[in-house]
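Each remark here refers to the structure printed beneath this line.
None of the figures in this text is laboratory data; all of them are computed from the coordinates on show. Computed from a predicted structure; not experimentally measured. Every residue, glycine as well, gets a Cβ built from its backbone with ideal geometry; the counts of neighbours run over all protein chains shown.
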Amino acid sequence: MFWRKKETAKPVGRAGIGQGAPAGQSSGSTNGSVSAAPGSGDLVGGIDLGGTKVAAAVISPDHKVLSYCRRPTPSKGGPPDVITAMALTMQEAVSEAGVEPGQLRAVGVGAPGSADAATGVLSGAGNLPNWSGQFPLGSALGDALDTPVKVGNDVQVGTAAEYRLGAGRGFNSLLGVFWGTGVGGGIILDEKPWLGRGRAGEIGHTMVRRGGARGLNGLNGTVEAYAGRRSMEEQARTEVRKGRKTDLFKLMKKHDKPHLTSVVWAHALDKDDELATDLLNRAVKAMAAGIASAVNLLDVEAVVIGGGMGIRFGDTLVPKITDRMNRYLLNPENPPEIKVAALGDDGGVLGAALLVQPE
């Protein structure tokens with residue numbers, strides 16, 4: 001078990017976020033669970049597993065974040081190393097909240113890829129180290145924590161959180177687009193998540209240019225190949241090798257970041273860095289085309305744009321995405337409302353917690 005005191009992380013307390021959302025439905029058909037006995041309390045844990053960070057929080061019944069801890073996602077090793085990082089981060093959040101492990105009813109996890117409903121097996125998690133096939137994330141983490149665990153797709157649970165608690169409140173249908181390390185999507189139709197056969201909403205893999213930019217997952221010309229932060233960094237490195245000048249990597253070192261994070265891109269844009277501007281403009285065009293295609297197909301009432309890049313550039317680039325998107329809409333006179341995600345970094349852990357909280 002991992003319920004032991006650990007002092008290595010730097011937990012950060014979060015202000016609570018109130019309730020008051022309309023009744024919605026969590027993505028129950030994309031989560032897998034283990035059968036450990038539930039804890040005795042009303043508190044739950046939420047874990048947001050991403051390609052660059054693991055975030056964990058203790059959540060109250062009224063959706064307040066009582067504690068929040070994060071650490072980098074392991075960049076080497078494999079699934080067992082990721083499970084260890086998740087368990088340690090959750091333990092630190094429990095310690096920071098000042099509660100006992102047995103007070104957690106269960107833990108919900110939002111993870112990249114596809115989660116099997118019955119088993120909690122995670123597959124297709126290309127953003128995680130050496131996660132090329134299937135791995136029983138739910139049962140492995142449940143064993144480590146001795147707590148029931150449910151697993152859902154990270155973007156689907158983030159979309160559910162925005163729908164029930166954030167920018168998506170009041171709409172019957174919406175498209176969630178999370179622009180970060182990759183580009184993911186979640187769908188709400190008639191007040192219910194639309195999951196398809198388990199991978200619905202993958203807007204990042206929508207083709208926007210035949211034979212276009214090389215995607216890191218083998219699919220070329222997709223939204224993610226142009227707008228995913230990891231793909232953008234690869235393209236920046238390629239351009240530097242060709243001789244283009246940029247301050248992107250100097251800024252990365254100055255801010256002690258292992259990758260070109262959203263804050264690095266923001267500083268470069270503030271400095272009118274030519275390469276950063278070009279790559280961000282390219283990303284805007286791809287995002288606009290992909291979102292417009294999804295809107296033409298689904299005719300949703302609203303689009304909520306989140307993720308690290310989406311929130312960072314909510315006031316600057318999201319309006320440009322909106323303007324360009326309208327050019328491609330079948331019904332430009334009646335476009336969907338475009339919202340920036342309201343829950344910020346808390347959206348992932350709140351959405352994960354919804355997997356194990358009653359409606």
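Here are some notes:
- Of all DSSP beta bridges in the chain, antiparallel share, percent nearest 5: 60 percent
- Separation between Cα centres of region 188-266 and region 141-162, rounded to whole Å: 24 Å
- Helical mean residue ellipticity (222 nm; -39500 (n - 2.57) per DSSP H run of 4+; nearest 500) of the chain: -10500 deg cm²/dmol
- In straight-distance terms, cross-link reach from Lys250 covers every one of the aspartates and glutamates whose alpha-carbon lies under 20 Å from its own, apart from those fewer than eight places away in the same chain; here that gives Glu233, Glu234, Glu239, Asp270, Asp272, Asp273, Glu274, Asp278.
- To the nearest ten degrees, helix 229-241 and the longest principal axis of the Cα atoms of the chain are 50 degrees apart.
- In terms of packing, defined here as the mean over residues of other Cβ atoms within 10 angstrom, the peptides 132-140, 183-191 line up highest first as 183-191, 132-140.
- Packing here is the average count of other Cβ atoms within 10 Å per residue, and on that basis the peptides 314-324, 44-54, highest first, run 44-54, 314-324.
- Percent breakdown of C-alpha pair distances by 10 Å bin, ordered from the shortest bin, for region 168-340: 10, 39, 34, 14, 3, 0
- Cα convex hull volume per residue for region 244-359 (Å³): 130 Å³
- Placing dummy labels 7 Å off each Cα toward the beta-carbon, the span from Lys250 to Asp190 is 5.7 nm.
- Counting other Cβ atoms within 10 Å as a rough exposure proxy, the listed residues Thr277, Thr222 run Thr277, Thr222 from fewest neighbours to most.
- Which of Tyr68, Tyr328, Tyr163 has the fewest Cβ neighbours within 10 Å, and the rest in rising order: Tyr328, Tyr68, Tyr163
- Globularity ratio of region 218-303, using Cα Rg and 2.2 N^0.38 Å: 1.22
- Violating pairs (Cα-Cα greater than 31 angstrom) within the set Lys271/Lys339; Lys76/Lys285; Lys76/Lys192; Lys150/Lys339; Lys53/Lys285: Lys76/Lys285; Lys76/Lys192
- Stokes-Einstein diffusion coefficient of region 317-359, Kirkwood radius over Cα pairs, 37 °C, 0.692 mPa s, in µm²/s: 253 µm²/s
- Per residue, the convex hull spanned by the Cα atoms of region 73-128 measures out at 97 cubic angstrom.
- Computed over the chain, the ratio Rg/Rh where both radii use C-alpha atoms and Rh is Kirkwood: 0.96
- The chain: relative contact order in percent, alpha carbon pairs under 8 Å with at least 6 residues between: 20 percent
- Label point at Lys76 placed 7 Å out along Cα→Cβ; residues across region 117-161 whose backbone nitrogen lies under 17 Å: 128-131
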